[in-house]
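Peer 1: This structure is in structure tokens; I'll ask about it shortly.
The values are calculated or read from the model by the stated rules, or taken from the named source; none is laboratory data. Since the model is a prediction, treat every value here as computed from it, not as a measurement. Positions of Cβ are generated from backbone atoms using ideal geometry, with glycine treated the same way; all protein chains shown enter the neighbour counts.
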Amino acid sequence: MTILAKLVPLFIIVPLVELALLIQIGKWLGVWETIGLCIVTGILGAFLVQVEGLRIWAKLQAELIQQKMPANQLIDGVLILIGGLLLLTPGIITDFIGFTLLLPFTRPLYRNYLKKKFERRMRGVGYVYHQSQRKQAEVKVVEKIED
């Protein structure tokens, strides 16, 4: 499945579901309260992005000083950025996902998933590379025999 085939439904379905949820919440709470809720989640999200971003930055610097590779902090930084962007978009689902990306006790779930996915992809690339090297070696052996 191409990336375009994945993104098109995402950009059509998610906004429609978000809109439907906001309309329902607007009927239940009221229009101004719903707008206020969107504003409050945006402000709270901006605060969390700042706090968590500074915390991760400090950890990243500490690991670099100790000459360690700050892989977790780099992934966390990207997740915090994505969480902040999701909180800027109005909606309930995006706010929920955004908050879970920002909170330090739920972020490791995303980080571990991404690390496992990346490791699987790297193993696949390594296997393909190894197989192509093996075929090249076999071709060289056959060429020498034929000479």
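Peer 1: Quick one: how many residues across the range 73-103 are in contact (Cβ under 8 Å) with a residue 24 or more places away in the chain, more than 26 Å from GLY36 (Cα to Cα) and surrounded by fewer than 18 Cβ atoms within 10 Å (Cβ to Cβ)?
Peer 2: 1
Peer 1: It is to be established whether one or more residues within the range 112-128 are at pLDDT below 85 and surrounded by 14 or more Cβ atoms within 10 Å (Cβ to Cβ).
Peer 2: No, the range 112-128 has no match at all.
Peer 1: Count, please, the residues in the range 26-50 that happen to be of a type in the set (A, V, I, L, M, F, W, C), within 17 Å of GLY98 (Cβ to Cβ) and more than 18 Å from the chain's Cα centre (by Cα).
Peer 2: Summing the residues that are of a type in the set (A, V, I, L, M, F, W, C), within 17 Å of GLY98 (Cβ to Cβ) and more than 18 Å from the chain's Cα centre (by Cα) in the range 26-50 gives 7.
Let's see how each residue does on (1) more than 19 Å from PHE105 (Cα to Cα); (2) exposed (fewer than 10 other Cβ atoms within 10 Å of the Cβ):
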{"position": "ILE3", "(1), (2)": "yes, yes"}
{"position": "PRO15", "(1), (2)": "yes, no"}
{"position": "TRP28", "(1), (2)": "yes, yes"}
{"position": "TRP32", "(1), (2)": "yes, yes"}
{"position": "ILE43", "(1), (2)": "yes, no"}
{"position": "ARG55", "(1), (2)": "no, no"}
